Amino acid sequence: MSNTIIINRKKHTSILADHRVDPVTKKLLKVGDEVCVCAVCKTVYLHEVWENTKRGQCCKQTKTLAYIPNTEYGKKEIPTVITKSYINHFIVSTLIALLFFSLTIYWYSTYNSEHIQKETAYLEVFSLKQENQKTQNYIQNLVDKNSDLQDLIESNKTIIVSNISFQQDNKAYGSKIYSNVKYVYPRITYLSPLYYEKELKFKIKIFKPDGTLMLGTSSPMGYSYIYKGRINTNKRSYKYLFLNGWGNKNGNAYEKGIYTFELWLDEKRLHSTKFQVH
Ligand SMILES: [Zn+2]
């Protein structure tokens, strides 16, 4: 099959400018003519001449070009208008791509900053909730203490004992006490409604596992021992009062079993608790 080309006003400007003619019929080549180009000598024939007169052959061969070469420069005709249009296309596409790229970056940074703002706001709300919970706990704590103080005032007491724990010799309060203990030291946790420090004279009763009162040579009538201690007056917090120990230096005052400890003040029992000797 031969390549045929239709002459175009824009593509084939040099052919038209040269007033090129068909070499057989001497007809002027014009826009819209269907032509064939010999692949060797580059002669441009009208299609009908190539088919009928030349019988599809020139320079002893049948090959035709798919384009009309620019004879002046011996290379393919490059239409300048179309080249410009491609450059324009390239510039416009590049501009659109740049615009799209910038918009994407703008959108991403906006989205990111909004996202960060939301996250920060969420963290702030969470932290405020925590603060609120802490405040509520603190208020509840104050209310509890206040009700303890209210009880104290109503009962006209100078001290309210919330807990008593025990220590074997110099070990930790609350740890196990063994029968080789020399002295058992009580520690009182208390609140006081007083507005001034005051020395109070506590009396202590310690009952053995069999229920008999522990007594020593210096025991007052009806009690194991006496302890004089100064009471602090900080109404807002519980305080400790560390009592003298009870026992002897030989470590044979206690046997295994459960002991009852009673704290007395002004002939009234303030608190009663038990401790175990292992
Ligand atoms: Zn030829």
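For segment 202-221, the criterion of being over 23 Å from F275 (Cα atoms), assigned by TED's automatic domain parsing to the domain that holds N244 and touching a residue at least 24 places away in the same chain (Cβ under 8 Å) is met by no residue. One residue alone among K249, K274 is basic (K, R) and either within 15 Å of S162 (Cβ to Cβ) or part of a loop (DSSP other than H, G, I, E, B) (or both), and that residue is K249. Scoring I226 on the criteria (1) over 30 Å from S147 (Cβ atoms); (2) without any contact (Cβ under 8 Å) to a residue 40 or more places away in the chain; (3) surrounded by 12 or more Cβ atoms within 10 Å (Cβ to Cβ); (4) out of contact with any strand residue (DSSP E or B) (no Cβ under 6 Å at 6 or more places or on another chain) leaves a single failure, condition (4). Checked against the criterion of being touching a residue at least 24 places away in the same chain (Cβ under 8 Å) and charged (D, E, K, R), segment 132-152 contains one or more residues that satisfy it. Name, by its number, the condition in (1) in the same structural domain as S14 (by TED's automatic domain parsing); (2) modelled with pLDDT of 90 or more that does not hold for T104. Condition (1) is where T104 drops out.
If you go through segment 5-43 and keep only what is among the acidic types (D, E) and either within 16 Å of the ligand (Cβ to nearest atom) or closer than 22 Å to T53 by Cα (or both), you end up with D22, D33, E34.
Within segment 44-64, if we keep just the residues that are of a type in the set (A, V, I, L, M) and touching a strand residue (DSSP E or B) at 6+ places or on another chain (Cβ under 8 Å), the residue that is farthest from the ligand (Cβ to nearest atom) turns out to be L46. The condition of being farther than 20 Å from N232 by Cα, surrounded by 11 or more Cβ atoms within 10 Å (Cβ to Cβ) and under 48 Å from the mean Cα position of the chain (by Cα) holds for only one of Y108, Y173, Y190, Y138, that being Y173. For segment 263-278, a residue qualifies if it is farther than 16 Å from D210 by Cβ and surrounded by 13 or more Cβ atoms within 10 Å (Cβ to Cβ), and the qualifying residues are L263, W264, L265, L270, H271, S272, T273. Say whether the condition of being in contact (Cβ under 8 Å) with a residue 40 or more places away in the chain, assigned to a loop (DSSP other than H, G, I, E, B), under 52 Å from the mean Cα position of the chain (by Cα) and within 20 Å of Y227 (Cα to Cα) is met by at least one residue in segment 259-271. Looking through segment 259-271, none of the residues is in contact (Cβ under 8 Å) with a residue 40 or more places away in the chain, assigned to a loop (DSSP other than H, G, I, E, B), under 52 Å from the mean Cα position of the chain (by Cα) and within 20 Å of Y227 (Cα to Cα).
Listed here are the residues, each with its yes/no results for (1) over 30 Å from D33 (Cβ atoms); (2) among the aliphatic types (A, V, I, L, M); (3) modelled with pLDDT of 90 or more; (4) not assigned by TED's automatic domain parsing to the domain that holds V37.
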{"position": "Q57", "(1), (2), (3), (4)": "no, no, yes, no"}
{"position": "L98", "(1), (2), (3), (4)": "yes, yes, yes, yes"}
{"position": "E119", "(1), (2), (3), (4)": "yes, no, no, yes"}
{"position": "L123", "(1), (2), (3), (4)": "yes, yes, no, yes"}
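Taking first residues from segment 21-35 that are assigned to a loop (DSSP other than H, G, I, E, B) and partners that are among the charged types (D, E, K, R), the Cβ contacts under 6 Å between residues at least 6 apart in sequence or on separate chains come to L29/R20; V31/R9.
The values are calculated or read from the model by the stated rules, or taken from the named source; none is laboratory data. Note that this is a predicted model, so its numbers are computed, not measured. Positions of Cβ are generated from backbone atoms using ideal geometry, with glycine treated the same way; all protein chains shown enter the neighbour counts.
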